[in-house]
Amino acid sequence: MKWWRGGRNASFALWLASALLVVTALITIGGCFGGDEPLLEVEPTPTPPPELTAEPSPKPETPLPTEEPTSTPTPEPTASAAPNPTSQSTLAPLPARLSNFTMPVQGACLPSSEALMPNAPRAYRAGVHEGLDFYNGYVCTPVGRGTPIVAAKSGIVFRADIQYVNPTEEEFASLLAQQQTQGYTDPGAFDTLRGRQVWIDHGDGIITRYCHLLDVAEGLSTGMQVEAGQLIAYMGNTGILEGATDPNAELHLHFEVREGAGFIGEDMSPGAVRQLYTRMFGQ
Ligand SMILES: [Zn+2]
């Protein structure tokens, strides 16, 4: 250290000052780079991996437990509820008097057209259709002249038009002209236009009507107890103008489910009517 002790002069001081400046600068620069390098290149690099590896692992772990309990109960109600309970859970159960109906034509389904459903608009009959029309091509099974008609539910027969004579074409024309003149269809004309009929009283105020029948089943009579699915009549086209001259015109069953003075589905929307009858027939 001889040179240090003995060299106390201006040049040494200048050198020292310069050296200090250089050192200070180096420290400052080194500090900057030293801070940047580890932060940008070392720290950030390892940080993402741990973050990436850490995030994925907790994520699946967290969702899994949450999804499992959620997905477990969801399938259960969906699987068992989707077919029937969806309606059962959202709608009150149907009363017994409106439940467990059987199709009046075996193998049939509800008419595919809304125009053949209850409460469908009509240019006659006070503007609405009061029952279901079973026409060939619309009810899942072939139907036609003479197709067997069965009781839609057990009950008591209280009308069976065994002795029935279909109006002639002239009588139909006269009847229709009279209704047009008076401006409305009276109950008597309505009844004539339903043709040969069978009515069954199911109790609890529910009555079913089977109309335009070709014939009533042999042995059927008023006051007789019938069971659901029992043969009561055959499909025809009585009470229909076209049927007076053409035995194959307008062949169909007009079937009504009535309660009191009205019919089931009265004042309901087409969708609501279909839903109700679907439930009534358990379809
Ligand atoms: Zn009808």
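Nothing in this text is a laboratory measurement; each read-out follows from the coordinates by a stated rule. The structure displayed is predicted, hence computed values, not measured ones. Here the Cβ positions follow ideal geometry from the backbone for every residue, glycine too, while neighbour counts run over all protein chains shown.
Rounded, prolate or oblate: pick one for region 198-283, where a ≥ b ≥ c are the square roots of the eigenvalues of its C-alpha gyration tensor, a/c under 1.5 means rounded, and failing that, prolate if a/b is larger than b/c, else oblate.
Because a/c hits 1.5 or more and a/b fails to exceed b/c, region 198-283 counts as oblate.
Once the Cα gyration tensor of region 97-280 is found, what semi-axes does its equivalent ellipsoid get, as square roots of 5 times the eigenvalues, in whole Å, sorted largest first?
Calculated on Cα positions only, the semi-axes equal 23, 20, 17 Å.
In debye, nearest 20, what is the charge dipole magnitude of region 143-245 about its Cα centre with +1 on Lys and Arg Cβ and -1 on Asp and Glu Cβ, if you could check?
Using Cβ point charges on Lys, Arg, Asp and Glu, region 143-245 gives about 240 debye.
If packing is taken as the average count of other Cβ atoms within 10 Å, what order do 262-275, 238-251 fall into, highest mean first?
Averaged packing, sorted descending, gives the order 238-251, 262-275.
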